[in-house]
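Asks: The structure under discussion is supplied below as structure tokens; questions concerning it will follow.
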Amino acid sequence: MGLKENKYFWLLQLTGWGFIGLVNYGFQVYSGGLPAWILAFNALGLPVGGILVSSVFRSVCMKINWIKWKKGKLSVFVFFSAISLTLIWIFLVSIAARFIISKSITLNDILENIFPLAMIMLIWCLLYFGYHLVKHYHFSEIEKWRLKAEINKAQLDILKLQINPHFIFNTLNNIRALILEDQNRARKMLTNFSDLFRYSLQNAEKKEVAIFEELKMVNFYMELVKIQYEERLKYEIIVGKDLENELIPPMIIQMLAENAIKHGIAHSLLTENNIYISILKDVDILKISVKNNGTLENRDSLAYSEGIGLKNIESRLFLLYGERAVVDLKSDNSFVEAIIKIKR
């Protein structure tokens, strides 16, 4: 227990028991019939006894791990603790009365006072244990959410770093072959390849980036892919008005495009394949769409393939937005469309 918390405990202890002693003194003065010295003894003895008993009990509680007990066990412990502390309290007052004011406490005195004293001690126990239970719950919740945040961050880092090794291998081989045909274009493609990886590293710690930044890298990526497919691949990017500065997860469009190429264009026998990338907004729903030639004949392997795929995208979006983001996959007129909807 920290010094500040310990300080507050003693402040509340002295204030609370002092108030109880003052109330008891006022009640006895109002009732009348008691000598002044007995009034003084009661006014002082009640809070002193309460402070002594409750403080010793607190020291005992600090040495046992009661915080992990079940509710039933703790309830029984609190009840019997209140009764036991009350009896000890009465015993100490009896000893003090015997030696200080030479007055014996009778059985009638005990019966008259045991219930109100037991209620006071039960309230003290409830306040003490209740405070620590609430405090324990509060810190448990903080620790739980902090751990969850750390796990989410670790998962996001892993997901963002899952760059397709086939893409790297193919791109390097294509650039190497291009050097023999067109050195200027090969140099440009190598620059694009470098910028793409620099972008990935620079934004690894970011949850969101502006759309215009993301699309710049998507263009680099598509130009690199076109080295392999040449005239077989064409792409178009459409962005809604005033959406360039909207924030989206980094690499998310590139991941959709890569998924489209890997599961659609790569298996296509067409002489011309198209990828249409669109980013639009309807009221508070941001819609990101990547459409490509293909069908959903093998939907399961398409949606849940290993590496960078829709499963990866869904996981990232859920970690960032929860149920406010959904991923959908549909087919229409020989085209497959992957759609992300993010509710702002």
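Rule-based calculations on the coordinates, nothing more; no lab input. What you see is a predicted model; the values in this text were computed from it and never measured. Here the Cβ is made from the backbone with ideal geometry for all residues, glycine too, and neighbour counts use every protein chain on show.
Asks: Report Rg(Cα)/(2.2 N^0.38 Å) for the range 161-343, keeping two decimals. Numbers along the way, then the final one.
Replies: Details: Rg = 16.0 Å, N = 183, 2.2 N^0.38 = 15.9 Å.
That ratio works out to 1.01.
Asks: Note the full-extension length gain between Glu5 and Leu172 as 0.36 nm times their separation in residues minus their Cα-Cα distance, in nm to one decimal. Display every interim value, and only then the final one.
Replies: On the way: separation 167, 0.36 × 167 = 60.12 nm, distance 6.28 nm.
Difference between extended and current length: 53.8 nm.
Asks: Near Lys226, which lysines are there with a Cα under 24 Å away, not counting those fewer than 8 places off in the same chain?
Replies: Correct list for Lys226: Lys160, Lys188, Lys216, Lys234, Lys262, Lys291.
Asks: Right, next: Test of understanding: extend the Cα→C-beta vector of Ser334 to 7 Å, then name every residue of the range 241-269 with backbone N under 13 Å from that spot.
Replies: Correct set: 268-269.
Asks: Right, next: Taking the Kirkwood radius as the inverse of the mean 1/r across Cα pairs, report the Rg/Rh of the range 178-251. Could the numbers behind the result be given before it?
Replies: On the way: Rg = 14.1 Å, Rh = 13.6 Å.
Radius of gyration over Kirkwood radius for the range 178-251 works out to 1.03.
Asks: Here's something else I'd like to know. Which order do peptides 60-70, 277-287, 214-224 fall in by mean Cβ count within 10 Å, highest first? Could you put the intermediate results ahead of the total?
Replies: Working: 60-70: 10.7, 277-287: 15.0, 214-224: 20.1.
The densest-packed peptide leads the list: 214-224, 277-287, 60-70.
Asks: Please arrange Leu317, Leu256, Leu329, Leu201 by how many other C-beta atoms lie within 10 Å of their C-beta, fewest to most.
Replies: Working: Leu317 20, Leu256 27, Leu329 14, Leu201 11.
Ascending Cβ contact count within 10 Å gives the list Leu201, Leu329, Leu317, Leu256.
Asks: Quick check on the exposure proxy: order His132, His138 from fewest to most C-beta atoms within 10 angstrom. Please report the intermediate quantities before stating the final value.
Replies: Details: His132 15, His138 10.
Listed from fewest to most nearby Cβ atoms, that is His138, His132.
Asks: At 7 Å along Cα-to-Cβ for each site, give me the label-to-label distance between Val326 and Leu126 in nm.
Replies: So the two model labels end up 4.8 nm from each other.
Asks: Testing the spin-label approximation: label points 7 Å from Cα along Cα→Cβ at Thr15 and Lys207. State their distance in nm.
Replies: 3.8 nm
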